[in-house]
Amino acid sequence: MSGAPEFTIEVNQNPYLPMGGHEVHAVAHIQASGAPTGARGSTRGAEVIMVDSSGSMDFPSTKLKAAKQATKAAIDTLRDGTLFAVVSGTGMASMVYPFEEGLVAADERTRKEAKREVDKLRARGGTAMGQWLLMARRLLEPHSDAIRHAILLTDGKNESEREQDLAEAIAYCEGVFVCDCRGIGLDWRVDEVRKISTALLGDIGLVREPADLVADFTKMMENAMGKAVADVALRVRTISNARVKYVKQTYPVIDDLTARRTEVGPNVGDYPTGSWGGESKHYHVCLEVEPDEVNPGGKRRPCQISVVLPDGAGGLELAKAGVFAQWTDDEELSTRINPEVAQVTGRAKLAEAVREGLELREGGDEVAATARLVQALQLANEAGDEHTARLLGRVVEIEADGTSRLRNNEEDIMIIDIESHKTARVGPPREG
């Protein structure tokens with residue numbers, strides 16, 4: 001369609017399998033470039049800012065003050081014509097601006113009015129993030145032709161509703177809008193907020209100091225304003241004797257998309273990738289393929305990967321590339337590991353080691369937690385991931401005699417929990 005973004009796909013893999021081998025791995029680098037306009041007929045944005053206004057935001061009062069300033073900065077970042085609303089989140093959700101449920105177009109007047117109402121926010125009540133999300137859905141759902149995005153800020157645990165209520169609200173919002181989440185202070189739960197950001201294809205972050213919130217909100221909104229096309233899917237089409245074992249996003253965040261497949265035809269499934277601007281994302285596709293008994297040494301294409309704007313089994317195809325398989329008795333060829341596949345596999349193992357270590361710590365088994373996090377540190381060093389290694393070095397301390405201990409600094413624990421699911425661009429894995 002006219003004005004569609006320019007997408008390219010580069011597939012990294014070793015297509016050679018040992019005779020009788022079944023598993024094919026490929027990493028697809030997908031790049032969107034240019035400044036597309038007119039995707040799906042519109043690049044208009046629709047934004048909802050959910051501000052935690054619970055009583056804890058007054059302890060200290062700098063949190064609510066910073067939240068107000070950050071919300072006003074985000075409002076100022078909106079492009080003219082962007083539809084927007086501000087929601088106050090407590091044990092319920094209530095409109096801050098506009099006064100009735102709905103979105104208004106950003107212009108000089110509405111920005112000024114919205115900021116005036118944000119200044120009136122007062123801290124009170126509890127925290128029910130599921131209610132906030134349901135409000136955002138009601139506001140954004142009617143605007144299916146827009147790029148729909150929300151920001152959620154919280155400082156506490158979701159204590160004013162059942163865990164099931166939050167889970168149901170998250171599921172109800174999937175596919176309607178993207179949601180970036182921020183936690184301020186140290187009294188919120190990373191695993192709880194990550195459920196929101198992961199399901200709604202957004203980002204999660206810890207804002208260490210209230211004074212940093214303005215810059216963070218501004219950057220999030222600038223990123224949202226840079227999106228040019230929404231609801232893009234990764235489409236995986238397999239031949240009859242191949243099946244998808246898993247599909248995982250590996251950059252810029254690690255996210256298992258396997259269970260989120262939508263069947264669109266025989267041997268064809270779509271996986272959500274969210275909204276895109278000028279950026280790249282990487283995906284690890286693992287297939288189980290039956291060997292070709294008729295032509296065992298022949299080259300086959302068991303899978304085609306494409307980027308589409310879904311519309312049933314058809315849809316608008318923006319780019320495509322093949323994944324190949326060729327069985328061989330040449331051991332040197334079949335045992336060669338593609339560096340990109342090795343890197344994403346190692347990064348997944350690292351994230352899993354961190355997750356398990358933190359879960360053991362949460363369960364009170366500090367000895368096992370320390371051992372697992374030391375393993376994670378070793379994996380980070382082997383992968384050349386200096387950023388994660390540096391963060392882990394603040395969580396576990398290894399003495400000169402080889403003994404180790406856990407540093408129970410809550411802020412560092414939260415940071416490594418968040419950052420372990422994000423992927424930095426690093427060099428190829430170290431040999432040895």
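The values are calculated or read from the model by the stated rules, or taken from the named source; none is laboratory data. All of these numbers come straight from a predicted model, not from anything done at the bench. Only protein heavy atoms, including side chains, enter the accessible area calculation; ligands, DNA and RNA are left aside. Shrake-Rupley method; radii C 1.70, N 1.55, O 1.52, S 1.80 Å.
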With all protein chains present and a 1.4 Å probe, the order of LYS422, LYS299 from largest accessible area down is LYS299, LYS422
Accessible area in square angstrom per residue, the chain, 1.4 angstrom probe: 45 Å²
Could you list which residues have their amide H under 5 Å from that of TYR246, counting only those 5 or more apart in sequence or on another chain, with H placed in the peptide plane? CYS286
Ignoring ligands and nucleic acids, MET19 exposes an accessible area, probe 1.4 Å, in Å² to the nearest 10, of 100 Å²
24 Å Cα-Cα threshold exceeded, pairs from LYS299/LYS320; LYS65/LYS157; LYS65/LYS281: LYS65/LYS281
Relative intensity, log₁₀ I(q)/I(0), of region 1-146 from a Debye sum that treats every alpha carbon as a point, q = 0.12, 0.14, 0.16 Å⁻¹: -0.65, -0.76, -0.88
Whole-percent pair-distance distribution, where bins are 20 Å wide, for the alpha carbons of the chain: 24, 53, 22, 2
Counting only protein heavy atoms and leaving out ligands, DNA and RNA, the solvent-accessible surface of GLU410 at a 1.4 Å probe, in Å² to the nearest 10, equals 80 Å²
Determine the relative contact order of region 269-334: mean sequence separation of Cα pairs under 8 Å and six or more apart, normalised by residue count, in whole percent. 28 percent
What percent do you get for the relative contact order of the chain when only Cα pairs under 8 Å and 6+ apart count? 18 percent
Computing the accessible area with a 1.4 Å probe over protein heavy atoms, can you report the carbon and sulfur percentage for region 216-305? 47 percent
Reported to the nearest 10 Å², ILE147 has, with a 1.4 Å probe, an accessible area equal to 10 Å²
